[in-house]
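A short worksheet on the structure shown next.
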Amino acid sequence: MFLTRRPIILARSIEVKTRKALWSTYKSRSGVEEEQIKQKRKWLAEFIPESIPRKNCDLAFSRASGPGGQNVNKVNSKVTLRLDLSTKGDFIPPYVLEDRLSDPNCVKQSKHLTNNNEIVIQSDSSRRQVENIEHCYHKLYTSLRECIQVPGETSEDTKKRIEKLYVQPTI
């Protein structure tokens, strides 16, 4: 039985980022980007479900699927909501969506966003058409909130902690 030697990693041999490298990863945004992020944060703080204009959304009604009942083939309770972001998404400022719509990962991750920049949402959770309409608008609101992500603000404590981690580069 042979024992193999394993390398011992000492704390001194671990590569430590220099002050310049650490600062570049910590503060990588320019002043213009910071201003846009502030505008996005403000818009998201003021964005509520009632701020979605109902006239911009196209609603279609159809019969819901599922087990039968008295009104299963008579009432159009299923609601399909469509919002074309390129033509009717003017209530969303362009600086909010420009990053997300150009990112192909956002389109792939969102189950409601199509390749044509259109949001399609369906609801047949209730027997009542009015409740399904409200459920669609709530889904639209949450979908927009999920798609529009803004990095959080860095607290002063975190900034101080990062400053303490700086190491002077040795030349």
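For the reader, a short list of remarks on this structure follows.
- Applying 0.36 nm per residue to the separation of LYS159 and ARG145 and subtracting their alpha-carbon distance, the gain on full extension is 2.3 nm.
- Computed from backbone phi with θ = phi - 60° and the Karplus coefficients 6.51, -1.76 and 1.60, the 3J(HN,Hα) list for segment 125-141 is 6, 10, 7, 9, 5, 5, 5, 5, 5, 5, 5, 5, 5, 5, 5, 4, 4 Hz; x is used for glycine and proline.
- In this structure, the residue pairs whose Cα-Cα separation is over 23 Å, taken from LYS40/LYS78; LYS38/LYS164; LYS42/LYS111; LYS40/LYS164; LYS38/LYS159, are LYS40/LYS78; LYS38/LYS164; LYS42/LYS111; LYS40/LYS164.
We did not get these values from a lab; they are worked out from the coordinates using the rules stated. Everything numeric here is computed off the predicted structure, so don't read it as measured data.
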